[in-house]
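Asker: Quick one: the structure is below, and I'll ask about it shortly.
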Amino acid sequence: MTSGKNEKTSILIIYTGGTIGMVQRPETGTLAPVKFEQILKEVPELNKFNYNIQTVVFNPVLDSSNMNPAVWVKIALTIKKNYNSFDGFVILHGTDTMAYTASALSYMFENLDKPIILTGSQLPIGTIRTDGKENLITSMEIAAYKENGKSKVPEVCIYFDFRLYRGNRTVKRDSEQFSAFHSVNYPALAVAGVDIRFSSEFIYIPGNKGILKVNTKFDDNVVILKMFPGISEKVFSSILNIPGLKGIILETFGSGNVPTVNWLINCIKKAIKKGIVVLNITQCEGGRVIMGQYETSLELLNAGVVSGKDMTSEAAVTKLMFLLGQGLNNSEIKMYLNKSLRGEISE
Ligand code: ASP
């Protein structure tokens, strides 16, 4: 086993923005991004790795609330362009939408055999108590880690607060704690303590290894509709009737349940008849959708709603946008939604 700490290891850091590289603006008191060189100056420890570290800085750097599919594509194409020259990639990204970006990237890359590690921080890297240093340093080490000459974690991951997670299983759960992320339905891929302990059995190794392929098309004609007690027919039906809508993520109660009122199921049937794909995702942090377990989900099953099983909303909405962008027909989209593309769903 080798830790990847040798002269030849090359890591590309892609700085997209986020708190990790922000400072407080004296005029307004708000946090805004700073120059990347400043970040590297704050972490001289990186030089001790003896890696070849190169950086790409996005312009503009973003608070990740401003992320969108065009930036996902920009990240993916940056990695594609540099793929053969580096052993691994570390993406510095705001925490707010990191789980969406990680999910989207996971679908975009086919035959990935190098690590893409997203990280960031809750406190800017220039502050004394920052969590950014540890997050960045260990992400670099994981991105470089090899076993028998091969990358240990050839996945799109999020590393945060001593845990490495599969990116498309991760959710931002806290806006204050350093443990900002969790992955309830899938175990951590590694835990960093005195050693970095990998759980090899949970790491995704693509079976069919071909040349790296990057799919860059997304379709944004989708909506997430969260159910709540008291949702009205007027609100529900106007969302389902958005012109051009192609996909709906229905965030349902418990194991996939909705109120048993006729207008609701009729609206859904009409939408499905029009060719809109409806995907059922649970509002719960853990567990899965099992349509037909209760009376309150049987009608959805009969109407042709697709089960999102144990996918997160982040993984589901990016997957739907991705599949709709691939020019597939309706039944192909439904089939892929239900299947694992990159380990985002338990089959
Ligand atoms: N608003 C910031 C962002 O997502 C929060 C963070 O980075 O933690 O860009």
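Asker: So how do Ser65, Ser183 line up by other beta-carbon neighbours within 10 Å, fewest first?
Answerer: Ser65, Ser183
Asker: Something else about it: Taking the Cα-to-Cβ direction at Asn241 and at Lys217 and moving 7 Å from each Cα, how far apart do the two end points lie in nm?
Answerer: According to this spin-label approximation, the distance is 3.1 nm.
Asker: Expressed as a fraction of 2.2 N^0.38 Å, the rule-of-thumb size for a compact globular protein of N residues, what is the C-alpha radius of gyration of the chain?
Answerer: 1.03
Asker: Any chance you could get the radius of gyration and Dmax over the Cα atoms of region 1-155, in Å?
Answerer: According to the Cα coordinates of region 1-155, Rg and Dmax are 15.1, 53 Å.
Asker: If you don't mind, there's one more thing I want to ask. Please report, in debye to the nearest 20, how large the charge dipole of region 31-153 is about its Cα centre when each Lys and Arg carries +1 at its beta carbon and each Asp and Glu carries -1 there.
Answerer: 240
Asker: If you don't mind, another one. Give me the percent of Cα-Cα pairs in region 14-80 that sit more than 15 Å apart, rounded to a whole number.
Answerer: 59
Asker: Working from the pairwise distances between different alpha carbons, so that the mean of 1/r is found and then inverted, what is region 218-347's Kirkwood radius in Å?
Answerer: 14.5
Asker: Let me see the pair-distance distribution of region 93-226: every alpha carbon pair, 5 Å bin width, integer percents in order.
Answerer: Over region 93-226, the share of Cα pairs per 5 Å bin runs 2, 10, 19, 23, 20, 14, 8, 4, 1, 0 percent.
Asker: Give the Rg/Rh ratio for region 183-251, taking Rg as the radius of gyration of the Cα atoms and Rh as the Kirkwood radius, to two decimals.
Answerer: Over the Cα atoms of region 183-251, Rg/Rh equals 1.20.
Asker: Report the full-extension gain for the segment Glu233 to Asp174: residue separation times 0.36 nm, less the Cα-Cα distance, to one decimal in nm.
Answerer: 18.0 nm
Asker: Counting alpha carbon pairs within less than 8 Å and at least 6 residues apart, what relative contact order, in whole percent, applies to the chain?
Answerer: About 15 percent, as a whole number.
Asker: Also, quick follow-up: Per the Kirkwood treatment, what hydrodynamic radius in Å, one decimal, follows for region 55-120 from the mean inverse distance over all distinct Cα pairs?
Answerer: Computed over region 55-120, the radius equals 12.2 Å.
Asker: Would you mind ranking Trp72, Trp263 so that the residue whose beta carbon has the fewest other beta carbons within 10 Å leads the list?
Answerer: With the sparsest Cβ surroundings first, the list reads Trp263, Trp72.
Asker: Return Glu295, Glu155 ranked ascending by Cβ neighbour count within 10 Å, so the fewest neighbours appear first.
Answerer: Glu295, Glu155
Asker: Checking the table Lys41/Lys80; Lys48/Lys172; Lys48/Lys150; Lys48/Lys146 against a 29 Å threshold on Cα-Cα, which pairs fail?
Answerer: Lys48/Lys172
Asker: Kindly provide the helix-only [θ] at 222 nm of the chain, computed as the sum of -39,500 (n - 2.57) over DSSP H runs of four or more divided by all residues, to the nearest 500 deg cm²/dmol?
Answerer: That calculation yields -8000 deg cm²/dmol at 222 nm.
Asker: Moving on to the next point. Under 18 Å Cα to Cα from Lys74, which aspartates and glutamates show up? Leave out anything in the same chain fewer than 8 places away.
Answerer: Asp63, Glu110, Asp219, Asp220
Asker: I'd like to know which of Phe109, Asn68, Asn82 lies farthest towards the positive end of the charge dipole of region 45-155, counting +1 on Cβ of Lys and Arg and -1 on Cβ of Asp and Glu.
Answerer: The Cα lying farthest towards the positive end belongs to Asn82.
Only the coordinates and a few stated rules stand behind these numbers; no lab work does. The structure presented is a predicted model; accordingly, all values stated were derived computationally and were not measured. Because the Cβ atoms are built from the backbone with ideal geometry, glycine has one as well, and the counts that use them run over all protein chains shown.
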